Amino acid sequence: MKKNLVVLTGAGMSAESGISTFRDSGGLWERYRVEDVASIEGWMRNPELVQNFYNTRRKELIKAQPNAGHTQLAALEKEFDVHIITQNVDNLHERAGSTSVLHLHGELMKVRSVYNDKHIYELSPEHCEISMDDRDKYGDPLRPHIVWFGEAVPMIGPAIEITESADIFVVIGTSLNVYPAAGLLQYVKHGVPIYLIDPKPVNAPQNMAIHFIRKGASEGVAELTQILTSQQPPK
Ligand code: OAD
């Protein structure tokens, strides 16, 4: 039976694809006020500003390609049951071929009715911009399918279950500043090896034995692949 390899990813995973992180120097939260564009209060105050912010993010995403880190994680499915829990709203894991991807903070290429959160629609690259004038087939206005600050995180329950099932747990490219995502580490079972890939020091829990790989996502996942496949029993 294949081992369960659970991977928690953040913005650093997609940095080498040209997508800005949030808190690095030059990151998105230096250029925009998080409370204006990524909070429920910001949406209430100025929804057009919020729509424009996500329209711009979508246009960037369409031009971006998965990087070697994404494709190597997809390739690990040959040897492991790989489950990705991502804070990223991009679709680069899926485009790289990963088959089990849980989005904690929503998905950029989806929108939903402001009145019914079950009415979710996939945008196409050709029609990826929305405005407050757009309506769905029920006549409802649309909002980005994103979890904003101040909103519940509906996928945290399934993410905890996946984390508890891990035989190996890997963290890639997240500053571990945002909860509840950062708290997932507490659900990793005792004795499960934890690897953390990030070029910079990360504020990880001190009470856990974490194997740090101080590299960017592409190089880091290559090193991780070497470590993990060398530990696999011969076929
Ligand atoms: P951050 O911007 O907080 O952290 C990015 C992490 O990626 C940092 O630790 C960087 O050192 C690391 N990094 C930078 N380049 C890298 C590379 N090439 N390879 C690997 N790592 C690299 O982003 P997140 O932790 O993902 O939420 O942020 C969490 C949440 O905060 C986001 O999902 C978003 C944001 O506000 C919402 O918008 C709801």
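The values are calculated or read from the model by the stated rules, or taken from the named source; none is laboratory data. What you see is a predicted model; the values in this text were computed from it and never measured. FYI the Cβ positions are ideal-geometry reconstructions off the backbone, even for glycines, and counts take in every protein chain you see. The accessibility values were calculated without ligands, DNA or RNA, using every heavy atom of the protein model including side chains. Shrake-Rupley method; radii C 1.70, N 1.55, O 1.52, S 1.80 Å.
Of everything listed in (1) under 17 Å from GLY42 (Cα atoms); (2) in a loop (DSSP other than H, G, I, E, B), the single unmet condition for PRO144 is (2). One residue stands out among those in the stretch 44-78 that are charged (D, E, K, R) and open to solvent by 50 Å² or more (accessible area, probe 1.4 Å): the one that is nearest to the ligand (Cβ to nearest atom), which is GLU60.
Let me confirm something: among LYS200, LYS235, which residue is out of contact with any helix residue (DSSP H, G or I) (no Cβ under 8 Å at 6 or more places or on another chain), at pLDDT below 95, open to solvent by 20 Å² or more (accessible area, probe 1.4 Å) and in a loop (DSSP other than H, G, I, E, B)?
Numbers: LYS200 fails: at pLDDT below 95.
Result: LYS235 is the single residue among LYS200, LYS235 that is out of contact with any helix residue (DSSP H, G or I) (no Cβ under 8 Å at 6 or more places or on another chain), at pLDDT below 95, open to solvent by 20 Å² or more (accessible area, probe 1.4 Å) and in a loop (DSSP other than H, G, I, E, B).
One residue stands out in the stretch 203-232 among those that are among the polar types (S, T, N, Q) and outside any loop (DSSP other than H, G, I, E, B): the one that is surrounded by the fewest Cβ atoms within 10 Å (Cβ to Cβ), namely SER230.
Within the stretch 176-195, at least one residue is without any contact (Cβ under 8 Å) to a residue 60 or more places away in the chain, of a type in the set (Phe, Trp, Tyr) and part of a helix (DSSP H, G or I). Contact map, the stretch 73-94: first residue in contact (Cβ under 8 Å) with a residue 24 or more places away in the chain, second residue among the acidic types (Asp, Glu), Cβ cut-off under 8 Å, separation 6 or more or different chains; pairs are VAL89/GLU107; ASN91/GLU107. Across the stretch 12-35, the qualifying residues are those that are modelled with pLDDT of 95 or more and assigned to a helix (DSSP H, G or I), and the one among them that is surrounded by the fewest Cβ atoms within 10 Å (Cβ to Cβ) is ALA15.
Which of the following residues is in contact with a Leu (Cβ under 7 Å, 6 or more places away or on another chain) and not acidic (Asp, Glu): PHE169, PHE80, PHE149? Of PHE169, PHE80, PHE149, the one residue that is in contact with a Leu (Cβ under 7 Å, 6 or more places away or on another chain) and not acidic (Asp, Glu) is PHE80. Of the set (1) of a type in the set (A, V, I, L, M); (2) within 13 Å of the ligand (Cβ to nearest atom); (3) surrounded by fewer than 15 Cβ atoms within 10 Å (Cβ to Cβ), all apply to MET132 but (2). For the stretch 160-171, the set of residues classified as in contact with a helix residue (DSSP H, G or I) (Cβ under 6 Å, 6 or more places away or on another chain) and under 10 Å from HIS83 (Cα atoms) consists of THR163 only. Residues satisfying the criterion are present in the stretch 85-108 (criterion: within 13 Å of the ligand (Cβ to nearest atom) and open to solvent by 40 Å² or more (accessible area, probe 1.4 Å)).
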